[in-house]
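Asks: Here it is, the structure in full.
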Amino acid sequence: MHAAFLGKLMIELRVFSFHSDEIMHQDIIPLYAADIQDQLKKQFAYLSGGRGGDGCPVITFPDYPAFSEIPEKEFQNVLTYLTSIPSLRDAGIGFILVIDRRQDKWTSVKASILRIAASFPGNLQLVLVLRPTGFFHRALSDIAFKFNKDEFKMKVPIIMLGSVSELQGYIDKTQLTEDLGGTLDYCHNRWLSRRTAIEGFAQKVKQTAQILQSFGTELAETELPNDVQSTSSLLATHTEKKDKMKEDIRLAVKQGGDIRESITKPVTENPEYKLNQDQLDNQTTVERLLAQLHETETAFDEFWIKHQQKLEQCLRLRNFEQNFREVKAALDIVSERLSTFTDVGNSCSHVEHILKDLANFEEKSRETVAKARMLASEGDAFIQSNHYAVDSIIPKCSELHHLCDAFTTETERRRNLLNKSLELHGLLEKALKWCDEGIYLLASQPVDKCQSQDGAESALQEIEKFLDTGAGNKIKELNKIYREYAHILNEDLKEHVQKVFQKQESMEEMFQKRQVSLKKLAAKQTRPVQPVAPRPEAFVKSPCTSPGLQREYISNSESSALRRVNCRRGKSEMTELHQSRGGSTMDDEENLAVLRQHVMNELIETERAYVEELLCVLEGYAAEMDNPLMAHLISPELQNKKDILFGNMEEIYHFHNRIFLRELENYVEFPELVGRCFLDQMEDFQIYEKYCQNKPRSESLWRQFSDSVFFQECQRKLDHKLSLDSYLLKPVQRITKYQLLLKEMLKYSKNCEGAEDLQEALTSILGILKAVNDSMHQIAITGYDGNLNELGKLLMQGSFNVWTDHKKGHSKVKDLARFKPMQRHLFLHEKAVLFCKKREENGEGYEKAPSYSYKHSLNMAAVGITENVKGDAKKFEIWYNAREEVYIIQAPTPEVKATWVNEIRKVLTSQLQACREASQHRTLEQTQSLPLPASSCTSPSRNHIRNTKKMEERKADLTSLEGYGTAVAPKYPEKGKGWGKTSHSLDASEENDGWSSAEDPLNSSDAEEEGGGGGGEMKLTPGKYTVVTDYEKGVSEEFTVKSGELVQLIREGEDGLWYVKNLSTGKEGWIPANNLLMLIGNSKSAQSLSSSESGTASSALSTSSSCSDSCNASSTSFSDIKG
C-alpha cells in the first residue's frame, strides 16, 4: 500500500511539473521575463493581449527611434520570449505584427521590416505597417514598397497603412492599445511585473514538485531502524522535513492566490471590465497550477500519513521490543528469586518469617508482573490494529502471558507449601508444648503428698485430666502425617517429626509408669516417707570424683573415659540412694531434666529469633542500600558506607544460620551435653570481636544519618517499631546472653556427664567477652608508632596508680615519684606491657568511651616482678633492666593484683619454658656421648621423655616464686659485678631496697612453698645451687665440684640420679640425689637466694631479652637465674 501511494504521488508530481513547464514552451532553453527584464523594459516590441479576428495574437512594434541600435541577441530574446507566451494553439494560428513607423523615415521602415522578417521565430498571419506620416516619406514609401516588395522575403502579406483608422479595419478597436487608437487597457510595466510573478510562481511550483518527488523517494527507500532512539530520531527528522514541505506548499499557494487576485482585481473593482485573452490565459494558468498544487499536496498528505503511521508503528514496535527485553529480564530475576523460596522452615516463627518474606517479595514483584501484563495487552492491541510486524509481536505476547501465569502459579504453589509447613509446625509445636507441659506436670507433683492414698488419687486425676487434653494436641498417626505432608517433608523436617513423635511416646510412657506407681499407692496405704523438697540447687554433690581435679594429669581420652565411668558409678550410687529415699531423689532428677529442657528450649528459640532478626536487618536495610530504586533516598555521604554501618553482621548471620543453629538443634534432646556444641564452635565466636571493634564507627555513622528518609522508609516496609540502631545492638546482646544461659544450664547439670564441658564452655565464652572488652580498649590507644598486633595477644588491661623509682633519675624526681602516683592504664601483651594515660571523652554512646594516650612500654623479655610490696597488699613491682626502672603498681583491689601477678607469671614462665626446652634439646644432642650410670637408662633423652610430665607438674611450683625470670647469659658474671647491660638481664640490686615480698626472702611465703615448708625434707628441683662441700665421687670420675662453686640441676634421671652441670668449670655429669642433698645442704636455689647468700642477689627475678640468644649458644644450657 505504501508503494501504491508512492506511485500515485509520482504521477501527480510529473503532471505537476508538466503543467508548470507548459507556461514556457520553448523547445530548447526556456526564457523567463526575469532573465531579460531589462531588454523587455525597452518596449521596442510588446504583446498587448489583443487578438485578430481569428484569435491571432497581436505583437506591436511601437515607434522606437533606436530600433536599429538594438543588439541582435536582445532582439532575438525579446521576439522569442513574446512568441512563447500565447498558448500553443493560438501561436499555431500565427501572429499579427503591428509595426508603428509613423514618425520614422522610409529607410528605417525598410530596415525594421527586413530585420523583423529575418528574426521573427514564430508563424506570421499578417504584417500591418503604419507608414511615415510626412508627405515625402509617405510617397517614397509607397513607390519603394512597390518596387522592392520582393526584398522583404515574407510569406505573409505586408500591408502599408496610412492611418490608425485603416488599422482598425484589420483589428478591432477593442484589441488595440490607446496609442494605436484602441481601447485596450495595457500597461507595459504592469504586464512585465505580472509575467515575472506568474513565471516565478511556475518556477516555485516546479521546484516544489521536484522536492516532493525527491522527498517521497527518500521516504520510500528509508530502511526502518532497529532501536528506539534511531527510530524516534528518524521520525522526528522526517516530520521536520514534511513540515518544511508543507510550509513551502502553503507559501506557493499563497503566492498563486495573490497573482490570481491581481489578475482579477480590475473585474472585482469594475464588474463591467473585460479581461483580454492574455489576462484570461494567465488566470487560467494560475488556477490550473493552484489546483494541481492542491491535488499534489493531497496526494503527498495521504502518502505521508501512511509513512508516518508506519514510522510510528515501528517506533511503538521498537519500544515494545525494548520494554519486552527489560520486562523479560525483570521476570527472569523475580522467577529466579522465587525459586530460592525452597526452605519450608524449621519452626512456626521461621515459616511465618518466610511467608512474610514471600509476601514482601510478591508485593515488590507485583509491579513487574503488572508491567508484563500491560505490555502483553499493548502487544495484543498491535495485533488487533494489523500492525505490519504481527509475526514478531505474537510470540512475544504469548511468552509474556506464559511467564506471568507461571510466576503467579508458582507463587501460589510456594505459598500453599509454606501454609502446609506452618500447619505441620503448628502441630509439632503444639505436641512439643503438650509434652513439655506433661513433663513439667510430672516434675511438679509433690512427692510427699503422693505417699498418701488421697494424694495418689489426686495425682492420678491430674494425670488423667492432662491426658484427656492430648486429643487436640498430640500427633496421633505418624504415617498419616507422612502422607498428608509428603510434598513438604524433607530429610530434616522428617527427622524432626520423628523426634517429636518419639518424645511424645516417651512422655506417654513416663505417664504410664507414673500411673502404675500411683495406682499402687492408691490401692495400698504405704508407710509415710520423710518428705524431701525437690530443690535443684541442693542436688549438686556427686559421690564420684570430680573430673576437673584430674584434667591436669590425664589425657583427653582418659578424661572422657574416666568421666563416663564416674558418671555411671555415680548414677548407680544415686539409684541406690533414690531407692533408699523412697524415690524422692528420682523426682528431683526429673525436675532438673525439665529445667534443663526449658533452658535448652529458650536457647534454641532465642537463637532462631536472633537469626531471623539478623536476616531481617540484612535484607531490609543492608541489601536496600544497593537497591537502585532506593538510591534517591540515600544521601551522598551515606553511600558506600554499608560496611561501616553493618560491620561483619553478614558473616555473623551465616555462622549462626548455617552452622551454630543447626548444631544446637542436634542437642535438643540432650541439653546437658550442649557445652560440647559451644566448644566445637568456640573459634568461630571470635568474629564478634571484629563486630564490636567496628561498633563505635557504626554508632557514629548512625547518629549522623539516623533521620535519613532511607532508614525511615526501610523501617516502614519492615513494619518495625524499633529503629535500626536497636537491631545493630543485637549481636552485642546475643554474645553476652550465652554466658547467662550456660550458667543456668550448668546450674541444673552439675551431676551430668556434660557438666565439665558446660563449665569449659562458660569459661571460654567469658574469655571471649573479656577479649572483646579488652580489644575495645586496645583500639582506643593513640600515639603508639608501632603495630600493636606485633606485641602478641592482649592478656589484661586495667587502670592503676603507678609510682616510678629509676636509678638514673634525679634524686628529687625519685622522692617525688615515691609520694605522687600517676594514673596509668596498663595493657599487658605477650611481648610487652604498655603504659597509657586515660583520657575521658565527651559525646554519646561509644563516643563516651575513653581514649588512651600512649606513654611508654616495657619489653617482657627484660621485665621482672616483685609480688608483694611492704605495707600495701594491693601493690606489686614491675622492674626493668636490672631494676634501672622500677614501677610500683597499686591495683584497685587485692584480687585485681593477684590476677595481674598470675598473668605476668604465666608470660614469664612460658618464656622460661621456651628457653629450657630449646636448651634441653641441644643438651640431649650433646650428651649422646656422655658416660651414663650403670642403670637401664641409655640416653638422657629417655630420662627427658620419662620426666616430661614431672617437669610440667613442677612448672606450677616455679610460678609460685616471689620473683622469677629466665635470664640467660653466655657467661657467669664475676662476683659482685652483676649482669652486663648488653644482655638486657637484670642486675642484682646494689642495695637491698626492700621491694621483695618480705625482708628475709628465706622466710617468705613463696620460699616456704618452694621448699616444702620450714622443717620438712628438702625437695630437689631443677635450678642453680651453691655447693657447700667438695665432691669427687661422681658416676663419671672426671666430674667434680668444690665448695663455693655454682651448679645447675638440669633434670632427674632413673634410680635417683640427677644430671648436673658445674657452671664454674662447664663440666656435666650424673650425681645421686642423696649426695646432692649433702652437697648443697640448706643452700637455696638461686631462684630464692637472699642478698646475704649470693652477695648481689635480690628476691625478684627477671626474664632476659638475650634468652633466645643464649638458648642458641652451644657452650651452656642455662645461665644463672638471678634472685
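Asks: In the range 886-899, which residues are surrounded by fewer than 22 Cβ atoms within 10 Å (Cβ to Cβ) and assigned to a helix (DSSP H, G or I)?
Replies: Pro894, Glu895, Val896, Ala898, Thr899
Asks: Test Ala914 against the criterion of being surrounded by fewer than 21 Cβ atoms within 10 Å (Cβ to Cβ) and of a type in the set (Gly, Ala, Ser), and give yes or no.
Replies: Considered against the rule, which asks whether it is surrounded by fewer than 21 Cβ atoms within 10 Å (Cβ to Cβ) and of a type in the set (Gly, Ala, Ser), Ala914 comes out as yes.
Asks: Now for a separate question. Considering only residues of the range 856-899 that are in contact (Cβ under 8 Å) with a residue 60 or more places away in the chain and of a type in the set (Lys, Arg), which is farthest from Leu788 (Cα to Cα)?
Replies: The selected residue is Lys870.
Asks: Restricting to the range 370-419, and then to whatever is among the polar types (S, T, N, Q), over 30 Å from His353 (Cα atoms) and without any contact (Cβ under 8 Å) to a residue 24 or more places away in the chain, can you tell me which residue is most open to solvent (accessible area, probe 1.4 Å)? Talk me through it step by step, then tell me what you get.
Replies: If we filter the range 370-419 for residues that are among the polar types (S, T, N, Q), which is where we start, we get 377, 384-386, 392, 398, 408-409, 411, 416, 419.
From what is left, the residues that are over 30 Å from His353 (Cα atoms) are 377, 384-386, 392, 398.
From what is left, the residues that are without any contact (Cβ under 8 Å) to a residue 24 or more places away in the chain are 377, 384-386, 398.
Details: Ser377: 68, Gln384: 152, Ser385: 66, Asn386: 126, Ser398: 67 Å².
Applying the filter and picking the extreme gives Gln384.
Asks: Working only within the range 276-317, note down all residues that are without any contact (Cβ under 8 Å) to a residue 12 or more places away in the chain, aliphatic (A, V, I, L, M) and over 19 Å from Arg250 (Cβ atoms).
Replies: The answer is Leu280, and nothing else.
Asks: How many residues are out of contact with any Phe, Trp or Tyr (no Cβ under 6 Å at 6 or more places or on another chain) and either of a type outside the set (D, E, K, R) or part of a loop (DSSP other than H, G, I, E, B) (or both) if we restrict to the range 251-301?
Replies: Here is the first cut: in the range 251-301, the residues out of contact with any Phe, Trp or Tyr (no Cβ under 6 Å at 6 or more places or on another chain) are 251-254, 257-258, 260-265, 268-291, 293-295, 297-301.
Imposing the further condition that a residue be either of a type outside the set (D, E, K, R) or part of a loop (DSSP other than H, G, I, E, B) (or both) reduces the set to 251-253, 257, 262-264, 268, 270-277, 279-280, 282-286, 289-291, 293-294, 298-300.
Final tally of qualifying residues: 31.
Asks: Something else about it: Out of (1) surrounded by 13 or more Cβ atoms within 10 Å (Cβ to Cβ); (2) assigned to a helix (DSSP H, G or I), what's the single condition that is false for Leu224?
Replies: Unmet condition: (2).
Asks: Pairs only if they're at least six apart or on different chains, beta carbon under 9 angstrom, first in the range 1012-1033 and at positive phi and open to solvent by 50 Å² or more (accessible area, probe 1.4 Å), second aliphatic (A, V, I, L, M) and modelled with pLDDT under 65; list them, first residue then second.
Replies: Pairs found: Gly1012/Met1018.
Asks: Sticking with this one: Could you tell me which of the residues Leu234, Leu311, Leu219, Leu315 is in contact with a Pro (Cβ under 7 Å, 6 or more places away or on another chain), open to solvent by less than 40 Å² (accessible area, probe 1.4 Å), hydrophobic (A, V, I, L, M, F, W, C) and over 22 Å from Phe201 (Cα atoms)?
Replies: Leu234
Asks: I want to confirm something. Restricting to the range 1041-1065 and keeping residues that are in contact (Cβ under 8 Å) with a residue 40 or more places away in the chain and closer than 19 Å to His921 by Cβ, which single residue is most open to solvent (accessible area, probe 1.4 Å)?
Replies: Taking the candidates together, the pick is Glu1052.
Asks: Any idea which residue in the range 900-911 is modelled with the lowest pLDDT, counting only those that are crowded, with 19+ Cβ neighbours inside 10 Å and of a type in the set (S, T, N, Q)?
Replies: Checked the range 900-911; the qualifying residue modelled with the lowest pLDDT is Gln911.
Asks: Can you confirm whether Gln928 is under 21 Å from Gly1053 (Cα atoms) and at pLDDT 80 or above? Write out each step before concluding.
Replies: Numbers: under 21 Å from Gly1053 (Cα atoms): yes; at pLDDT 80 or above: no.
Considered against the rule, which asks whether it is under 21 Å from Gly1053 (Cα atoms) and at pLDDT 80 or above, Gln928 comes out as no.
Asks: Let me ask you something else. Please enumerate the residues belonging to the range 65-76 that are in a loop (DSSP other than H, G, I, E, B) and not aliphatic (A, V, I, L, M).
Replies: Step one: of the range 65-76, the residues in a loop (DSSP other than H, G, I, E, B) are 65-66, 70-71.
Once the filter is applied, which keeps residues that are in a loop (DSSP other than H, G, I, E, B) and not aliphatic (A, V, I, L, M), the range 65-76 yields Pro65, Pro71.
Asks: For Tyr46, which of the numbered conditions (1) open to solvent by less than 40 Å² (accessible area, probe 1.4 Å); (2) at pLDDT below 85; (3) of a type in the set (Ser, Thr, Tyr) fails to hold?
Replies: (2)
Asks: On the basis of being of a type in the set (Gly, Ala, Ser), under 22 Å from the mean Cα position of the chain (by Cα) and surrounded by fewer than 15 Cβ atoms within 10 Å (Cβ to Cβ), does Ser700 make the cut? Walk me through how you get there before you give the answer.
Replies: Numbers: of a type in the set (Gly, Ala, Ser): yes; under 22 Å from the mean Cα position of the chain (by Cα): yes; surrounded by fewer than 15 Cβ atoms within 10 Å (Cβ to Cβ): no.
So Ser700 fails the test.
The rows are residues; the columns are (1) open to solvent by 70 Å² or more (accessible area, probe 1.4 Å); (2) out of contact with any Asp or Glu (no Cβ under 6 Å at 6 or more places or on another chain); (3) of a type outside the set (D, E, K, R).
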{"site": "Met630", "(1), (2), (3)": "no, no, yes"}
{"site": "Met649", "(1), (2), (3)": "no, yes, yes"}
{"site": "Phe655", "(1), (2), (3)": "no, no, yes"}
{"site": "Ile659", "(1), (2), (3)": "no, yes, yes"}
{"site": "Asp684", "(1), (2), (3)": "no, yes, no"}
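Asks: Further question on the same structure: Any chance you could count how many residues in the range 342-351 are in a loop (DSSP other than H, G, I, E, B) and either open to solvent by less than 20 Å² (accessible area, probe 1.4 Å) or small (Gly, Ala, Ser) (or both)?
Replies: Residues of the range 342-351 that are in a loop (DSSP other than H, G, I, E, B), as a first pass: 342-347.
If we keep only those that are either open to solvent by less than 20 Å² (accessible area, probe 1.4 Å) or small (Gly, Ala, Ser) (or both) as well, we get 344-345, 347.
Of the residues in that region, 3 qualify.
Asks: Among (1) closer than 17 Å to Gln597 by Cβ; (2) open to solvent by less than 50 Å² (accessible area, probe 1.4 Å); (3) in contact with a Phe, Trp or Tyr (Cβ under 9 Å, 6 or more places away or on another chain), there is one condition Glu437 misses while meeting the rest; what is its number?
Replies: (2)
Asks: What do you reckon, is Leu422 open to solvent by less than 80 Å² (accessible area, probe 1.4 Å), out of contact with any Asp or Glu (no Cβ under 7 Å at 6 or more places or on another chain) and assigned to a helix (DSSP H, G or I)?
Replies: For Leu422, the condition - open to solvent by less than 80 Å² (accessible area, probe 1.4 Å), out of contact with any Asp or Glu (no Cβ under 7 Å at 6 or more places or on another chain) and assigned to a helix (DSSP H, G or I) - is not met.
Asks: In the range 472-488, which residues are open to solvent by 60 Å² or more (accessible area, probe 1.4 Å) and outside any loop (DSSP other than H, G, I, E, B)?
Replies: Asn479, Lys480, Arg483, Glu484
Asks: Name the single residue that is nearest to Met860 (Cα to Cα) among those in the range 873-885 being open to solvent by less than 20 Å² (accessible area, probe 1.4 Å) and modelled with pLDDT of 90 or more.
Replies: Ile878
Asks: With the structure loaded, tell me whether Ile113 is modelled with pLDDT of 85 or more and buried (at least 19 other Cβ atoms within 10 Å of the Cβ) or whether it fails that test.
Replies: Spelling it out, it is not the case that Ile113 is modelled with pLDDT of 85 or more and buried (at least 19 other Cβ atoms within 10 Å of the Cβ).
Asks: Could you list, in sequence order, the residues of the range 80-90 that are open to solvent by 30 Å² or more (accessible area, probe 1.4 Å) and within 17 Å of Lys41 (Cα to Cα)?
Replies: Once the filter is applied, which keeps residues that are open to solvent by 30 Å² or more (accessible area, probe 1.4 Å) and within 17 Å of Lys41 (Cα to Cα), the range 80-90 yields only Thr80.
Asks: Might you check whether a residue that is part of a helix (DSSP H, G or I) and either modelled with pLDDT under 90 or under 28 Å from Val886 (Cβ atoms) (or both) occurs anywhere in the range 794-803?
Replies: Among the residues of the range 794-803, not one is part of a helix (DSSP H, G or I) and either modelled with pLDDT under 90 or under 28 Å from Val886 (Cβ atoms) (or both), which makes the answer no.
Asks: Right, next: Mind checking whether some residue in the range 352-371 is in a helix (DSSP H, G or I) and closer than 22 Å to Gln498 by Cα?
Replies: no
Asks: Can you find a residue in the range 710-725 that is aliphatic (A, V, I, L, M) and surrounded by fewer than 17 Cβ atoms within 10 Å (Cβ to Cβ)?
Replies: yes
Asks: Has the range 699-714 got any residue that is under 20 Å from Leu746 (Cβ atoms) and in a helix (DSSP H, G or I)? Write out each step before concluding.
Replies: Our first condition is that a residue be under 20 Å from Leu746 (Cβ atoms); within the range 699-714, this holds for none.
Within the range 699-714 (the criterion being under 20 Å from Leu746 (Cβ atoms) and in a helix (DSSP H, G or I)), the answer is no, since none of the residues qualifies.
This table checks each residue for (1) in a loop (DSSP other than H, G, I, E, B); (2) open to solvent by 40 Å² or more (accessible area, probe 1.4 Å).
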{"position": "Asp54", "(1), (2)": "yes, yes"}
{"position": "Asp63", "(1), (2)": "yes, yes"}
{"position": "Val78", "(1), (2)": "no, no"}
{"position": "Gly92", "(1), (2)": "no, yes"}
{"position": "Ile96", "(1), (2)": "no, no"}
{"position": "Ile99", "(1), (2)": "no, no"}
{"position": "Asp104", "(1), (2)": "yes, no"}
{"position": "Thr107", "(1), (2)": "no, yes"}
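Asks: If Lys695 satisfies every condition in (1) farther than 30 Å from Ala359 by Cβ; (2) open to solvent by 40 Å² or more (accessible area, probe 1.4 Å); (3) not aromatic (Phe, Trp, Tyr) but one, which is the exception?
Replies: The number of the failed condition is (2).
The values are calculated or read from the model by the stated rules, or taken from the named source; none is laboratory data. Not measured: the values here are computed from a predicted model. When we count neighbours, we look across all protein chains shown, and the Cβ atoms used for this are built from the backbone with ideal geometry, even at glycine. The area values use the complete protein model at the heavy-atom level, side chains included, leaving out ligands, DNA and RNA. Shrake-Rupley method; radii C 1.70, N 1.55, O 1.52, S 1.80 Å.
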